[in-house]
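The values are calculated or read from the model by the stated rules, or taken from the named source; none is laboratory data. Given the structure is predicted, the values throughout are model-derived calculations rather than measurements. Neighbour counts run over all protein chains shown; Cβ positions are idealised from the backbone, glycine included.
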Amino acid sequence: MIELNSAIEGITAAFNILKAAIRAHDEKKVTDAMAAMHDRISELSISRLEVAEKNVSLHGRLAELEREVAEFKGKTQERERYTLSEIAKGKFAYKFTQQTTDHATPHHYLCQLCWDGDIKSVLQLSEDGTFFSCRCRKEHGIRIAPGVPLRLA
């Protein structure tokens, strides 16, 4: 019986050693899995921060584009108030057309060269009626030959 007890104790000890080995193996697996999960969580956190930074950048760009669109719409609306008109043979200017309820703006012409370059410059007719001068750049204007009828209507 002692031999049987010794055998059982030996088997029990071997079984306990085996259980400990399995536990150690399982703990290593768990530790490895936890380390891998921690690494992945760190990667995801970094990715989340990068996405948040990109989101802030995109919101800034969106606001910038919305400002540009609003500015463009304003310029477009302003340009719609004018039509390119021939004020004398071969001489062109942008004529103000009353398309709004703004009756405070008097009838006028804009320099075609300046307005095409996004500068709003009202043409001024000389006292003798032979030359339209541009306020923004004196070196250009529209000379009207004497006796040539103006088409200012």
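Among the residues of region 54-68, is any in the same structural domain as Cys114 (by TED's automatic domain parsing) and farther than 16 Å from Leu113 by Cα?
There is no residue in region 54-68 that is in the same structural domain as Cys114 (by TED's automatic domain parsing) and farther than 16 Å from Leu113 by Cα.
Within region 66-101, count every residue that is within 33 Å of the chain's Cα centre (by Cα) and not hydroxyl-bearing (Ser, Thr, Tyr).
Matching residues across region 66-101 total 18.
From the list His107, His25, His59, His38, which one is out of contact with any His (no Cβ under 8 Å at 6 or more places or on another chain), closer than 30 Å to Leu123 by Cα and without any contact (Cβ under 8 Å) to a residue 60 or more places away in the chain?
Matching residue, one of His107, His25, His59, His38: His107.
Residue check: is Ala70 in contact with a Pro (Cβ under 8 Å, 6 or more places away or on another chain) and within 30 Å of Cys111 (Cα to Cα)?
The answer is no for Ala70.
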